[in-house]
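The values are calculated or read from the model by the stated rules, or taken from the named source; none is laboratory data. Note that the coordinates shown come from a computational prediction; the quantities given were computed from them, not determined experimentally. As a convention, Cβ positions derive from the backbone with ideal geometry for all residues, glycine included, and neighbour counts pool all protein chains shown.
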C-alpha cells in the first residue's frame with residue numbers, strides 16, 4: 001500500500017520486535033555489538049555507524065519526506081555541517097539566503113573565513129541577485145523557505161531548476177513547515193535538512209537533526225561521512241524523536257490553526273508595526289506559498305511599535321509565552337531575534353537581511369488560542385502604559 005503521512009508517522013517501526021512481540025520498538029542502547037565470528041560483523045558493529053533504534057527513526061524520516069534515505073544527526077547544525085562537509089571542498093561556492101537562520105549564517109561565515117569553502121549570501125527572492133550568484137557556478141545552493149525569522153517564501157522548484165542548470169546541488173531547510181506542510185524533494189530539491197529539535201520531535205526535549213536525500217547514492221555517502229566525522233544521533237534521542245513523530249500531523253495542524261487566530265488578532269493590535277506570516281497577501285512570496293505549501297505554518301514574526309523599554313515590559317508581562325529560543329514544541333515561545341537566535345550575525349548583516357532590533361518571533365503552541373490571545377492582549381496593554 002502507498003501510505004499517507006499520518007499513517008507513516010504512527011506506524012513506523014511498530015510490531016517489529018521478534019523476541020517479546022513489543023508493539024513499540026524497543027530502545028537499543030548498546031554502543032557495541034559482537035561479531036558472529038572472526039571478520040564476520042553483524043548488521044551493526046558500533047553505534048556511531050549504525051544503531052537499530054536510529055535505523056527506524058531514519059527510515060521514518062525518509063518516508064515522510066519521500067526520500068531514499070536519511071541520516072539522523074546530533075543537531076540541526078550538525079546536519080547542515082554534514083551536507084557541507086560531503087559536498088563542498090576548499091574553493092567551492094555555497095549560495096545561501098541572506099536572511100537565513102543565525103546559526104547557519106554563523107557556520108557558513110566562520111568556515112568560509114577558514115578556507116573550508118566560499119559562501120555568498122544573497123536575497124533569493126530577487127531574481128537578478130540569484131541569477132548573478134548562480135552565474136558564479138556554485139556547487140551547493142541552500143534554500144530556506146519560509147525564512148527564519150522573516151518568513152519570506154521563495155520558489156523551491158524554480159531555484160532548483162536554475163541551480164541544476166549550472167551543476168549545483170540544492171538543499172532545502174524544511175524545519176519551519178515539516179513534511180506535513182511542504183515536500184521539497186517533490187519540488188526538485190536534492191536534499192532536505194531539518195532541525196528535528198523543532199516540529200519533528202515537538203516536545204522541546206531532544207536536540208537532533210537530519211539530512212534526507214533523494215537518491216540512494218547520496219544517502220550512502222552521507223551515512224559514511226556521518227560516521228566518519230561522528231555526528232550521528234544517539235539511540236535514546238532516536239526513540240524520543242520517533243515518539244514525537246507519532247503526533248506530528250495533528251500537532252502541526254492545530255498549531256497552524258492557533259497561529260491563524262493570532263495573526264488575525266495581531267493585525268488589529270496598534271503596537272504591531274509590521275506582521276510577517278505567509279498567509280498574509282503582503283508577505284513576501286505569499287502566492288508561492290499558496291502553490292508549494294499545504295499550509296502556512298505556525299511561526300509568526302512582528303515588529304514591535306515602541307521603544308526598547310516598552311518591548312522589554314511586554315516580554316516580561318507575558319505569562320503563556322516563554323521567552324526562549326527554539327520553536328516547534330507544544331508550548332508557545334517568543335524570542336527577540338537580534339539578541340537571541342540571530343545574535344551571531346553582525347549588526348550590518350542583520351540590517352541587510354531586514355532584521356530589526358524590534359523584531360519578535362513567535363512559535364505558536366498547542367494552548368487554547370483564546371488564552372494565548374488574552375495573554376498577548378494583557379501584555380500589550382501593560383506595555384502601552386509604559
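Whether a residue is more than 25 Å from the chain's Cα centre (by Cα), touching a residue at least 60 places away in the same chain (Cβ under 8 Å) and over 17 Å from residue 170 (Cα atoms) was assessed, and residue 27 passes this test. Remark: pairs (first residue in region 312-325, under 15 Å from residue 339 (Cα atoms); second residue modelled with pLDDT under 95; Cβ separation under 6 Å; 6+ apart in sequence or on different chains) = 325/341. Within region 134-159, being buried (at least 23 other Cβ atoms within 10 Å of the Cβ) and assigned to a helix (DSSP H, G or I) holds for 156, 159. Restricting attention to region 58-83, which residues are more than 18 Å from residue 202 (Cβ to Cβ), surrounded by fewer than 24 Cβ atoms within 10 Å (Cβ to Cβ) and in contact with a helix residue (DSSP H, G or I) (Cβ under 6 Å, 6 or more places away or on another chain)? Those that are more than 18 Å from residue 202 (Cβ to Cβ), surrounded by fewer than 24 Cβ atoms within 10 Å (Cβ to Cβ) and in contact with a helix residue (DSSP H, G or I) (Cβ under 6 Å, 6 or more places away or on another chain): 66, 68, 69, 77. Among the conditions (1) out of contact with any strand residue (DSSP E or B) (no Cβ under 9 Å at 6 or more places or on another chain); (2) surrounded by fewer than 18 Cβ atoms within 10 Å (Cβ to Cβ), residue 379 misses just one, which is (2). Checking each residue of region 314-329 against the condition of being closer than 26 Å to residue 208 by Cα, out of contact with any strand residue (DSSP E or B) (no Cβ under 6 Å at 6 or more places or on another chain), surrounded by fewer than 21 Cβ atoms within 10 Å (Cβ to Cβ) and modelled with pLDDT under 95 gives no match. As for region 56-69, it holds no residue that is part of a helix (DSSP H, G or I), modelled with pLDDT under 95 and assigned by TED's automatic domain parsing to the domain that holds residue 205. Exactly one residue out of 239, 265 is surrounded by fewer than 20 Cβ atoms within 10 Å (Cβ to Cβ) and either more than 26 Å from residue 155 (Cα to Cα) or in the same structural domain as residue 77 (by TED's automatic domain parsing) (or both): that is 265.
In the set (1) under 29 Å from the mean Cα position of the chain (by Cα); (2) surrounded by 14 or more Cβ atoms within 10 Å (Cβ to Cβ); (3) in contact (Cβ under 8 Å) with a residue 12 or more places away in the chain, the condition left unmet by residue 55 is number (3).
So if I check each of 374, 352, which one is at pLDDT below 95 and surrounded by fewer than 16 Cβ atoms within 10 Å (Cβ to Cβ)? Step through it out loud before you land on a result.
Working: 374 fails: at pLDDT below 95.
Matching residue, one of 374, 352: 352.
Restricting the first member to region 77-92 and to residues that are over 16 Å from residue 226 (Cβ atoms), and the second to residues that are surrounded by 22 or more Cβ atoms within 10 Å (Cβ to Cβ), the beta-carbon pairs closer than 9 Å and six or more apart or on different chains are 92/138; 92/140.
Residues are listed down the side, and each one gets a yes or a no for (1) surrounded by fewer than 16 Cβ atoms within 10 Å (Cβ to Cβ); (2) without any contact (Cβ under 8 Å) to a residue 60 or more places away in the chain; (3) in contact with a helix residue (DSSP H, G or I) (Cβ under 6 Å, 6 or more places away or on another chain):
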{"site": "195", "(1), (2), (3)": "no, no, yes"}
{"site": "205", "(1), (2), (3)": "yes, yes, no"}
{"site": "210", "(1), (2), (3)": "no, no, yes"}
{"site": "230", "(1), (2), (3)": "yes, no, no"}
{"site": "260", "(1), (2), (3)": "no, yes, no"}
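Part of a helix (DSSP H, G or I), surrounded by fewer than 16 Cβ atoms within 10 Å (Cβ to Cβ) and modelled with pLDDT under 95: does that describe residue 2? When the stated conditions are applied, residue 2 does not pass them. Taking first residues from region 334-354 that are assigned by TED's automatic domain parsing to the domain that holds residue 125 and in contact (Cβ under 8 Å) with a residue 60 or more places away in the chain and partners that are surrounded by 18 or more Cβ atoms within 10 Å (Cβ to Cβ) and not in a helix (DSSP H, G or I), no Cβ contact under 6 Å between residues at least 6 apart in sequence or on separate chains turns up.
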